[in-house]
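Have a look at the structure below, then the notes.
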Amino acid sequence: MSKSEDVINPGYTYSWNTDSVLPLQDFLTKYKPSMVQNDGKKPWIWVQGSAPTHEERTQEAIEEASALLKEVTQRVEAIKNDESIPLRSNKKTGVKSKKEVREQVQAEATEKLKEIAIKHGYVSGKWLIFASADKVDTIWSNLAKSLVSGPLASTFAYLAKVATSPESRESPNYQHLICVYIPDVYDKVRVTEVMKILLRNHGIGLSGVKSDLYTALGIDSKHASGLPSTTWKNSALISDAESKELRDAFFADLASNKVTPAKELLETATSDVAAAAPSKPKPKLKKKADVDPFASDNDDGEGDEENKRKQELQAKVKRAVPKKKATDDAFASNDEEDEAKRKEEAQAKKAKSALFAKKRQVSDVGDEDQRPRKRKPAKSQDREVSPT
């Protein structure tokens, strides 16, 4: 961002203030950050709650600060290339490392930039917030309304803006930058007050406070000077534990319906719980419907169709049971076996009758194994009697 990006251009369509004809809610509905694409002419959507209360000599501050920043950048580069400065410090000799020397120069420059900003009254800045594309509309709408007539309106925050969407949709993880402007970034007490409102009343994750002077100078995390890109880090204002406690309280209120947020924000707060909840089991009838072209699509009629199919299936099974048992049951064919035995016995009787018809009458219950044993004694008697 440059200095011009912290200023609303006159007649800019995508800006709202208390003198606007269009009501705020209608403006927010009409111009959603997820729907407005930046073609180079509409990078931001603005909402102004009140006007800043002091004059700023921005040009003088920028000129003086630019000269300082140029000098600091050169010194940092010189430290990097100075072979006489060791990479590691030596406690015994008191020699400082490159990192320690560099950080000392940067800390001094940060303090001098603060002095320049205060001297020229150029102390305005903003809280930085990043929102994902699927949540930005809700977060932005809530912040804008809070700034105009909600909790933020009671603080010294006076202006907010949100980045519109890029023309290319090739970045699914695109993050929209939201800025909540404050008139004095060095007023720690009031800056902290805004911070607590953003955490407790909006549940927003914050990325620090940045001076408008830093923006005008082009100081970011990749600047050659290595200066910190933010005036305040979150932990320098309140502890991480307190920040977490404030956000947790906001989401606890959501869960207990003490506040009425937009639907999307409620879904954000409960997304983890919803993801862990067991899904509703799929009815078995739907599975059968895939293979039955005659199944009814009406859920109310599926029970009757299913019962009918079950009855038909049971009837088929009952009719098939005797056939199945006839092949599997060892006793199912006793009548056939008895008939075969009777035929064999009849044939045997006929053979016996033909062979022994002249000697004796064959008994219906006798068998071939018994007949030889009965004849042997008769032959032996003939042999014993014949000599006499």
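The values are calculated or read from the model by the stated rules, or taken from the named source; none is laboratory data. This is a predicted model, so every value here is computed, not measured. Cβ: placed from backbone, ideal geometry, glycine included. Neighbour counts: every protein chain shown.
Of all residues in the stretch 93-106, those satisfying the criterion of being out of contact with any Pro (no Cβ under 9 Å at 6 or more places or on another chain) and not basic (Lys, Arg) are 93, 94, 100, 101, 103, 104, 105.
Scoring residue 214 on the criteria (1) within 22 Å of residue 116 (Cβ to Cβ); (2) surrounded by 19 or more Cβ atoms within 10 Å (Cβ to Cβ); (3) touching a Lys or Arg at 6+ places or on another chain (Cβ under 7 Å) leaves a single failure, condition (3). Listed by position, the helices (runs of 4 or more DSSP H) inside the stretch 14-123 whose residues that are touching a helix residue (DSSP H, G or I) at 6+ places or on another chain (Cβ under 9 Å), outside the structural domain of residue 139 (by TED's automatic domain parsing) and buried (at least 19 other Cβ atoms within 10 Å of the Cβ) number at least 2 are 58-81, 98-120. Filtered by the rule that a residue be out of contact with any Asp or Glu (no Cβ under 9 Å at 6 or more places or on another chain), buried (at least 20 other Cβ atoms within 10 Å of the Cβ) and of a type in the set (Ser, Thr, Tyr), the stretch 132-163 gives 141, 146.
Restricting attention to the stretch 214-228, the residues being in a loop (DSSP other than H, G, I, E, B) and either under 35 Å from the mean Cα position of the chain (by Cα) or among the hydroxyl-bearing types (Ser, Thr, Tyr) (or both) number 7.
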